[in-house]
Each structure stands twice: as structure tokens, then as C-alpha cells.
Amino acid sequence: MSSRSSARASAPEKTGPAAIAVKRAPKERPGPPGGKRDVNRKRRTHAIARAALGLFLEHGVETVTIDDIAGEAQVAKGSFYRYYADKTELVTAIFEPMATILRGALQGCEEALAAASDRASLVDAYQGLARDLIPVALGHFDVARLYLQENRAPGHGARAPIRALALDVEKRAVRLTEIAVQKGLLRIPDPRISALAVVGAIEQLALGFLGGRLDAPPPEVARTLIDLVLDGLRPRS
């Protein structure tokens, strides 16, 4: 077991907002759903993912090795490869549940903006997006924190899925502003500037909250996020 693993092996399992959900199933047949083999396989899969997430948060995705992850999860290195082809596939699996919800929230806002016809419906669309993003962070606390720590780094190796998600978020955010401008609800010369500025500001605020540097209750943070989105996209005369 590596020095990193021995230092963390006795840490209690996280539950609640910090817990991790992994949707991807192992490649091998898990046996009948709910059976002993299926349950054991899911337990090992989640143990590996939880161990990796903790190490990634502490040391960064690129510096953590598969040996570190296996040691932290208390499984043989060969067992890791029974469930994940490599570290990149593991990172993808860790982020998949949060990414699905995040993309759904952005898609819902796009549909609301497409149907918007006045300032009030524009505000409603962005308020809905802000409200939808709070559960994303609180329901996937540690995954969201890792995303905010790593999403601006070069998308090489195991960071590739994180950077790809960040680029998708930026693209969708710009698209939201473009729709509002095209419908005449906003007057912004370049939608990219406003959209990316708002995304960056929101990410910094969320990182401060999730990292414990921002001492504010979640409802207050939610209201601030909503105000930030709306102020950043306020139409100019």
C-alpha cells in the first residue's frame, strides 16, 4: 500500500451530499440483479470510485496513480482493471451522474428561453437554471468540487472527461445568451463575453462555497447565484 493509501485507509465512508454515485456497470456479467455477486461487484465499484475521488481532491487527478487508488480502496491492482479500463474511464464514470443532471438543467433553460417572449419569461428561464444548479452541487458535493478544481486544466489524460464537460458547459452557456439576443430579449454585442464571464464568476463563487471558504447558508448562495446570472445578462440600452 502506498504512503497516500496508508494515511487514508482508516477514513470513514462518506455519506449524504459528499457521497458518490457511479452509473457505469463493470464489464463482467454481474449475475442476477440484487444477487450476492451483483451486490459485491457494485460495492467494489463504488469503493474504488470513492477512494479515487478522495485522492483526486487531495492530490489532483493527474498525480494519483492506479496503485494509489487500489491501495486506498484496499483492492488488488488487478481488481481495478476488472471494473475500469484505465483512470480516464474511472473519471468518466465518477462524473457521469452529475454531468447528466447538469446538461439536463442547461437543456431545460434553453427550451425555456426558446419559448420566452418578454423580460419576465427571460428572468424566469434564468432563475429556473440557477435553482436547478444548486441541487447539482449539493447532491454531488465532492464531484462538483473536483470539477471546479480541475476544469480549467489542460484536457490531457484522465483530465480529458472533465475538460470536455467544461467546454460543453461553456458552449451551452453561450448558446443560451445567443437565443436571448436573437429573440431581442437582450442587447449584447458579443454573447460569448457575457456568457463566459457569468460562467467564470459562478464557478468561483461555487468553489468558495464547496471548499468551505465562503461561510454562507445555501439559500443565500442560491439567491446570489440567481442575481449574478441576471445581472450579468441584464439588457443594455
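We did not get these values from a lab; they are worked out from the coordinates using the rules stated. The structure displayed is predicted, hence computed values, not measured ones. Cβ coordinates were reconstructed from backbone atoms using ideal geometry, including for glycine residues, and neighbour counts include every protein chain displayed.
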**Q.** Cα centroid separation - the range 194-215 against the range 129-154, whole Å
**A.** 10 Å
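Fully extended, how many nm does the chain gain between His156 and Ala85 (0.36 nm per residue separation, minus their Cα-Cα distance)? Provide the component values of the computation, followed by the final result.
Working: separation 71, 0.36 × 71 = 25.56 nm, distance 1.67 nm.
Working it through step by step, the gained length comes to 23.9 nm.
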Q) Relative to a virtual label point 7 Å from the Cα of Asp215 in the Cα→beta-carbon direction, which members of the range 126-154 show backbone nitrogen distances below 13 Å? A) none
(Q) Quick one: 3J(HN,Hα) in Hz for the range 148-163, Karplus 6.51/-1.76/1.60 with θ = phi - 60°, rounded, Gly and Pro as x. (A) 5, 6, 10, 6, 9, 6, x, x, 9, x, 5, 7, 4, x, 5, 5
Q: Can you tell me the equivalent ellipsoid semi-axes for the range 134-230? Use √(5λ) from the Cα gyration tensor, largest first, whole Å.
A: 24, 20, 10
Q: Under a cut-off of 13 Å between alpha-carbon atoms, report the aspartates and glutamates in cross-link reach of Lys87, not counting same-chain residues fewer than 8 places apart.
A: Glu62, Asp67, Asp68
Q) Among all the aspartates and glutamates, which ones have a C-alpha under 16 Å from Lys171's C-alpha, if same-chain residues fewer than 8 places away are not counted? A) Glu110, Glu111, Asp190, Glu203
Q: Arrange the following residues from fewest to most other Cβ atoms within 10 Å of their Cβ: Ile69, Ile179.
A: Ile179, Ile69
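Roughly speaking, what is the stretch gain from Arg43 to Ile101, that is 0.36 nm per residue apart minus the C-alpha to C-alpha distance, in nm to one decimal?
Details: separation 58, 0.36 × 58 = 20.88 nm, distance 2.33 nm.
Separation in residues times 0.36 nm, less the Cα-Cα distance, equals 18.6 nm.
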Q. Picking from Leu113, Leu138, Val123, whose Cα lies most toward the positive end of the charge dipole for the range 104-148 (charges on Cβ: Lys, Arg +1; Asp, Glu -1)?
A. Leu138
